[in-house]
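**Student:** Okay, handing you the structure first.
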There are 4 protein chains.
Amino acid sequence: MTVRVGVNGFGTIGKRVADAVARQPDLKLVGIAKTRPSFEAQRAVDHGYSLYVAGEGSAEKFAAVGLPVAGRLPDLLAQVDVMIDATPEEVGRANRPLYEAAGVRAIFQGGEEADVAEGSFSALANYEACRGKRTLRVVSCNTTGITRAAAVLLPRWGVEHWEVTLVRRAADPGESKRGPVDGIVPTLDVPSHHGPDAQTVLPGLPIATTAVVVPTTLMHVHVNHVRLRRAPAEAAEVVEAFRGTPRFHVFAPWERVDGTPQVMEFARDRWGRDGIRGPDMMENVLWERGVSVHGPDVHFFQAIHQESIVIPENIDAIRAMLELADGPTSIATTDRALGIGRARGAARPRAAAATPVRRKA
Amino acid sequence: MTVRVGVNGFGTIGKRVADAVARQPDLKLVGIAKTRPSFEAQRAVDHGYSLYVAGEGSAEKFAAVGLPVAGRLPDLLAQVDVMIDATPEEVGRANRPLYEAAGVRAIFQGGEEADVAEGSFSALANYEACRGKRTLRVVSCNTTGITRAAAVLLPRWGVEHWEVTLVRRAADPGESKRGPVDGIVPTLDVPSHHGPDAQTVLPGLPIATTAVVVPTTLMHVHVNHVRLRRAPAEAAEVVEAFRGTPRFHVFAPWERVDGTPQVMEFARDRWGRDGIRGPDMMENVLWERGVSVHGPDVHFFQAIHQESIVIPENIDAIRAMLELADGPTSIATTDRALGIGRARGAARPRAAAATPVRRKA
Amino acid sequence: MTVRVGVNGFGTIGKRVADAVARQPDLKLVGIAKTRPSFEAQRAVDHGYSLYVAGEGSAEKFAAVGLPVAGRLPDLLAQVDVMIDATPEEVGRANRPLYEAAGVRAIFQGGEEADVAEGSFSALANYEACRGKRTLRVVSCNTTGITRAAAVLLPRWGVEHWEVTLVRRAADPGESKRGPVDGIVPTLDVPSHHGPDAQTVLPGLPIATTAVVVPTTLMHVHVNHVRLRRAPAEAAEVVEAFRGTPRFHVFAPWERVDGTPQVMEFARDRWGRDGIRGPDMMENVLWERGVSVHGPDVHFFQAIHQESIVIPENIDAIRAMLELADGPTSIATTDRALGIGRARGAARPRAAAATPVRRKA
Amino acid sequence: MTVRVGVNGFGTIGKRVADAVARQPDLKLVGIAKTRPSFEAQRAVDHGYSLYVAGEGSAEKFAAVGLPVAGRLPDLLAQVDVMIDATPEEVGRANRPLYEAAGVRAIFQGGEEADVAEGSFSALANYEACRGKRTLRVVSCNTTGITRAAAVLLPRWGVEHWEVTLVRRAADPGESKRGPVDGIVPTLDVPSHHGPDAQTVLPGLPIATTAVVVPTTLMHVHVNHVRLRRAPAEAAEVVEAFRGTPRFHVFAPWERVDGTPQVMEFARDRWGRDGIRGPDMMENVLWERGVSVHGPDVHFFQAIHQESIVIPENIDAIRAMLELADGPTSIATTDRALGIGRARGAARPRAAAATPVRRKA
């Protein structure tokens, strides 16, 4: 069976989800919906995606610039099993009745409130709990980053208490209008919404989040302090747990990756690798040297690529809803199709630094 | 008695310290030393400060641009009781033998290692312990910010454990060469050096610090999570403790100060107030709305103006060394001369929000 | 006679204009109008300015935070001879009927279209032409910078053709919301609006302007190429013409001012000088080394402090309207009151570099 | 005949040149040389490139992290016909004797002075003049951008005079250390070095360049004013000349590309297209709406992707040196291999805007 998928919205998330759907063996991208012509609409056409006019958009405007349209959003809805809504914040909620009326399943993004859907989803953290749902919300980039890390920590050592400071990017790289240009803006509500949001995936997670916004476009960085229930033997034990988990990428010191500028440089360099979208970093990024253990207290930094981290989760959410596969199988399928995990770079454990044999990742 | 003070170095810290010395009733600025001509040397002359040539500097170069010099560093040393070293990192240590040989007391800055001096100093935290020393090190801007906050928390509620994430500015506003322009660079060593540095002032302080550098020039922001020994009754109790302490400025919600851009705007707006250096913010800056209390757990944000926060501490360090006054008296004298605390803005406690009577700060 | 002045709007321009009015010997600041409480409203009160509620603002909201109000905008209008409108773009035009109905003269800012007033004003360029007008528009920061420079070039050498590329700051330092964070945004309309705007002050000025927006908050920089009608003998002739004109500041190479970060550092350093608003740079800023002459072709860079450059022009506009003084007298009066030109720094001409005698500025 | 090519240096330029060489039908990448291990060295290995140790680099350090090395730089030199030197500024000059001693031809980058090689090269501008040289210097990104544009303007209309203001990016996206973070730094030497550099390719080109550095990482933007010898009929004539030339990309208004953030977004979106390196923009980028014509005066903006624009020129330089093909053939071969020009997006001329027929690019 091939699941027929539509994508509503073709911005930062929508275009990446469309590409990802198109690469899955068990999914078929029927088309994408967009409200107006732009270089991104042109790109959809260039990639061979059928283009539908969303919302109040004008088919004439597309025609005037030579972009062929296949119909309007209802035409797309009539042909799909699942709709992925990648429209701007709060538009998703307004679209929900359309999907219901068309009888299609729907996946919303983390910009929507949790009650937009039957459940909130993070593949490593609660795939099973989301099986069979008719609507799901893939949590936001930051919450995805947190819940993935929770999926590593919880089963191994338990979490007594977790504090995260989120150092958030101000705007995406393709945006011109949002600031600040120079300055730091704290999110004065404590906890920030990210902690409660993570609890929609993992109820009861003992987490408190605080956040600031800073003038960068590349990635968020999370500064984590976790008090575990059981103390790891050493930092290497924690590092290897992350390194051995899908959708984590851990940089070793010799790689000379000082911060997010080099992480994104690494991501851009992967362009030629099969299936990997060059400029994206769909994994949680950690630094081996930035993982510190003192008894049950673990500190670690993780960088989160806000543009792409939720893409594999959107794919897995489809399989969970339709019960096409169990979680590990879906994750493996998604990652293989997207090339995640193939170019891991720093696969050799710190403990083995003296041994000049390189483990293939 | 008037203490004769010299300042070696006339950059970001040196020029502010010189201005501050010149405004104190019990101190006399004998002169400042600088290695080469620049608009800042011109400013020293414009303010009537005697200019001495430091290090390998050439008196001819000053003369060539019409800047009169009064001698070289040793000439200045011969006339002072105390030298404040505000030279670049690690130059202070190299200068120490000069000060010793001249028999003058010396104050170093936080860029030097702790053992450059007999003690590390923070006025609110350990004034008494530093009385009578011949050399002191005023701790760095971030450590000053932390130890000031400790001086509020420790005596009132005790500190069980303290985690701070320092979101650090990349460069000062007057610098052109340092980056990053776009990106976040984590300080991978955990703890960052700030925690141990705070312990040079407050031995045994149970603090762990982590840090990231971000592309801003205005201020650092500290994101704090403190587990206190005794729980405050409510957030307002903590807010008022900060608000009632010298060298703290707490913004109320109605002031519409979202982040460091507005804090610095507030600081620039003070220019016309007696004694206050317009663009500076020598106080720890907190947001009333950003103080959160859950049982013994307190979260708060504080912004630290890296250029100016240590200036009053340099003045107090002189009085501590020479035992000119006790701590509270010195702090009050310094602050009165610098205008700190006179324009407090948001002095009305949150609890009294309904009462339209404004408490004068 | 003392002219009674009100200021409507107390943001970036309004607060500076109010300070400047308050310092003039022949003007009296009656009060300022603002729509809502903020740290800036507090500052107005701290400076002793009477506060009036503008527009739809609520007097109760001011009272609730302890800010005393003296009335509403119409109450202020009833007491003034001239109103300076410093409200956001296009609000000025909406306010015009209020000023007309109250029978007060009005000065608008450059964010308004030229036809908002009887004339467009730039003190050095067209003071005489604006005498006796009942309404004037002080042109924008960039246009003020251009027309000031024109007032130097036109009478001395004539202008055959002038090309300016404006490298514009993205946001003011106190703003958090505007971008871009990383990127350059060209103003695709050629010429940009600045050229035609300069022609509202100097009809027929043969100028073409192009513009880009870049991620900085400090200053604009103009890159100028002028073909003059008569060739200057050498660059020094042009440098000295600028240096000898009020409201120009020319940095010499030895001052080590590489770019706008150091220009603003210089400005901040002036805080203690009588009358000068520390963080402001009300002069056009040139670099001696950046002035180049090849026959009739002159290139020069000038930096424009968008927040403050139009402030003295607002004051002079009052005197022009009311024919209180001729242009040079008004300019001298304004500048003396604001401290402009007293701390000129690099006053010695390049030609005299060998002579170690410093001309006092 | 297949030409054997080595690349010395594997940073921003080197890694892109290596990828480009590997994709050419008539070239063979023998290996790359690098001084020390890093994520970029890992990438070379991942792509199957043979890795040689350059300069003082230690083979042991590579071995210690599992990176296999094939030898040292002399070993690579022994196997190649041409060496492309992509080492940091001025290192190229130091390397020249090595290449001479090994009897290999060498291509240097624009960071070197012009006399490092027999000629300076820009494919569209002076391919023929560089045929048969043993050493060439591919001019810098900005000079390549200028000389490509000259190759469009000169033969069609002639250039009477050309003024360019270069708004330069401060650092590359992968750099952490260079600033400024906030501020504009003018290049006070007029002309900047770019004009004379362009004249090394096109002697006598009547061009004057001025430059400023701004806090962005994405692209440079050139603001051009050209007085042509013969006036074009209209802007569309100029637009179409650029659009019809290889290595130019012209955005139409409907594409909604406001500035360099969207240009780079467009580039990133090309990742999946055959042969194109996703995040790169090897073409000069113009905006149709930003081209303005008044008689013989033309204004236009062009954005230059500093990381990639010289890559195709490095390839063509090889063919010119070895006389493997004429210029147009080489350019076409290079571009086909790299995918340049296939995804042109806005191919429809402005004049035809009313006709809803889209020309395939």
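The values are calculated or read from the model by the stated rules, or taken from the named source; none is laboratory data. Values in this document were obtained by computation on a predicted structure and should not be read as measured data. Quick reminder, even Gly has a Cβ in these numbers, built from the backbone with ideal geometry, and neighbours come from all protein chains shown. These area figures cover heavy atoms from the full protein model, side chains too; ligands, DNA and RNA do not enter into them. Shrake-Rupley method; radii C 1.70, N 1.55, O 1.52, S 1.80 Å.
**Student:** Among B:LEU338, B:LEU77, B:PRO155, pick out the residue whose Cα is farthest towards the positive end of the charge dipole of chain B, where Lys and Arg carry +1 and Asp and Glu carry -1 on C-beta, about the Cα centre.
**Tutor:** B:LEU338
**Student:** Also: Ordering D:SER50, C:SER38 from largest to smallest accessible area (1.4 angstrom probe), what's the sequence?
**Tutor:** D:SER50, C:SER38
**Student:** In segment A:26-47, which residues become less accessible by 10 Å² or more once every protein chain is in place, relative to the chain on its own, using a 1.4 Å probe?
**Tutor:** A:ARG36, A:PRO37, A:SER38, A:PHE39, A:GLN42, A:ARG43, A:ASP46, A:HIS47
**Student:** Right, here's the next one. Give me the dipole magnitude in Debye, nearest 20, for chain A about the Cα centre, with unit charges on the beta carbon: positive for Lys and Arg, negative for Asp and Glu.
**Tutor:** In debye, rounded to 20, chain A gives about 960.
**Student:** Related question: Pairs of Cα atoms under 8 Å, at least six residues apart: use those to get the relative contact order of chain B, whole percent.
**Tutor:** So the answer I get is 16 percent.
**Student:** Along the positive direction of the dipole of segment D:203-301 (beta-carbon charges: Lys, Arg +1; Asp, Glu -1; about the Cα centre), which of D:GLY290, D:THR217, D:THR260 reaches farthest?
**Tutor:** The residue sitting most towards the positive pole is D:THR217.
**Student:** Here's something else I'd like to know. Accessible area lost on pairing C with A, both sides, 1.4 Å probe, Å² to nearest 100?
**Tutor:** The summed interface area works out to 900 Å².
**Student:** If I take R0 = 60 Å and measure r between the Cβ atoms of A:THR2 and D:ALA94 in this structure, what FRET efficiency does the formula 1/(1 + (r/R0)^6) give, to the nearest 0.05?
**Tutor:** Approximately 0.50, to the nearest 0.05.
**Student:** Sum -39500 (n - 2.57) across every DSSP H segment of at least 4 residues in chain D, then divide by the residue count to get the 222 nm mean residue ellipticity, nearest 500.
**Tutor:** -9000 deg cm²/dmol
**Student:** Sticking with this one: Under 10 Å, Cα contacts only: if you run a Gaussian network model on chain C, which one of C:ALA41, C:ALA125, C:ALA233 comes out with the highest mean-square fluctuation?
**Tutor:** Of C:ALA41, C:ALA125, C:ALA233, the most mobile in the Gaussian network model is C:ALA233.
**Student:** Next question. Expressed as a whole number of Å, what is the distance separating the alpha-carbon centroids of segment B:146-173 and segment C:128-145?
**Tutor:** Result: 51 Å between the Cα centres.
**Student:** Quick one: among D:ARG72, D:ARG227, D:ARG256, which has the greatest mean-square fluctuation in a GNM of chain D with alpha-carbon springs under 10 angstrom?
**Tutor:** D:ARG256
**Student:** What percentages, rounded to whole numbers, describe P(r) for segment C:167-241 computed over all alpha carbon pairs with 5 Å bin width beginning at zero?
**Tutor:** Percent of pairs per bin, in order: 3, 13, 17, 17, 17, 15, 11, 5, 2, 0.
**Student:** If A:ASP172, C:ASP115 are ordered by their accessible area, calculated over protein heavy atoms with a 1.4 Å probe, which sequence runs from highest to lowest?
**Tutor:** Accessible-area ranking of A:ASP172, C:ASP115, largest first: C:ASP115, A:ASP172.
**Student:** Ignoring ligands, DNA and RNA, please state the percent of accessible area on segment C:113-246 from carbon and sulfur, probe 1.4 Å.
**Tutor:** So the carbon and sulfur contribution to the accessible surface is 49 percent.
**Student:** Helix A:12-22 versus the longest principal axis of chain A: what is the Cα-based angle in degrees, 0 to 90, to the nearest 10?
**Tutor:** 80 degrees
**Student:** State to the nearest 20 debye the size of the charge dipole of segment D:79-126 about its Cα centre, where the only charges are +1 on K and R beta carbons and -1 on D and E beta carbons.
**Tutor:** 140 debye
**Student:** Could you tell me what percent of the DSSP beta bridges with both partners in segment C:154-236 are antiparallel, to the nearest 5?
**Tutor:** 60 percent
**Student:** Taking only Cα atoms, what is the 0 to 90° angle, nearest 10, from helix A:91-102's long axis to the longest principal axis of chain A?
**Tutor:** Helix A:91-102 sits roughly 60 degrees off the main axis of chain A.
**Student:** Show me the chymotrypsin sites (Phe, Trp or Tyr not before Pro) within segment C:48-111 that DSSP assigns to loop and that have at most 14 other Cβ atoms within 10 Å of their Cβ.
**Tutor:** none
**Student:** A further question on this structure: Let me know the shape class of segment A:231-336, please: from the alpha-carbon gyration tensor, a ≥ b ≥ c as square roots of the eigenvalues, rounded when a/c is under 1.5, otherwise prolate if a/b is greater than b/c, or oblate. Each step should come with its number before you reach the end.
**Tutor:** Values: a/c = 2.46, a/b = 1.30, b/c = 1.89.
Because a/c hits 1.5 or more and a/b fails to exceed b/c, segment A:231-336 counts as oblate.
**Student:** Which residue, A:ILE207, A:GLY327, A:GLY11, has the largest displacement toward the positive end of the dipole of chain A when charges sit on each Cβ (Lys, Arg +1; Asp, Glu -1)?
**Tutor:** A:GLY327
**Student:** DSSP beta bridges in chain A, what fraction antiparallel, as a percent rounded to 5? All intermediate terms of the calculation are to be shown ahead of the outcome.
**Tutor:** Details: 24 of 60 bridges.
If I count the DSSP bridges inside chain A, around 40 percent turn out antiparallel.
**Student:** Working from Cα positions, state the angle (0 to 90°, nearest 10) between the long axis of helix D:260-269 and the longest principal axis of chain D.
**Tutor:** Approximately 60 degrees, to the nearest 10.
**Student:** Which sequence of D:GLU240, A:GLU313 reflects their accessible areas, 1.4 Å probe, from the largest down? Show your work: numbers first, answer last.
**Tutor:** Numbers: D:GLU240 55, A:GLU313 0 Å².
Ranked from most to least accessible, the order is D:GLU240, A:GLU313.
**Student:** Give, rounded to the nearest 20 debye, the magnitude of the charge dipole that the protein assembly as shown has about its Cα centre when Lys and Arg contribute +1 at Cβ and Asp and Glu contribute -1 at Cβ.
**Tutor:** It works out to roughly 0 debye.
**Student:** For the protein assembly as shown, what is the accessible area per residue in Å², given a 1.4 Å probe and the full set of protein chains?
**Tutor:** Accessible surface, normalised per residue, equals 32 Å².
**Student:** Additional query: Once you order the gyration tensor axes a ≥ b ≥ c over the Cα atoms, which shape class does the protein assembly as shown get: rounded for a/c under 1.5, otherwise prolate or oblate by comparing a/b with b/c?
**Tutor:** In terms of gyration-tensor shape, rounded.
**Student:** So how far, in whole Å, is the C-alpha centre of segment D:282-341 from the one of segment B:27-56?
**Tutor:** 54 Å
**Student:** GNM on chain C, C-alpha springs below 10 Å: top fluctuator among C:ARG178, C:ARG148, C:ARG230?
**Tutor:** It is C:ARG178.
**Student:** Report for segment D:1-76 the percent antiparallel among DSSP-assigned beta bridges with both residues inside it, nearest 5.
**Tutor:** In segment D:1-76, approximately 0 percent of DSSP beta bridges are antiparallel ones.
**Student:** Please compare each pair in B:LYS15/B:LYS61; C:LYS177/D:LYS177; A:LYS177/C:LYS61; B:LYS177/C:LYS15; A:LYS177/B:LYS15; C:LYS61/C:LYS177 to a cut-off of 29 Å on the Cα-Cα distance and tell me which ones are over it.
**Tutor:** A:LYS177/C:LYS61; B:LYS177/C:LYS15; A:LYS177/B:LYS15
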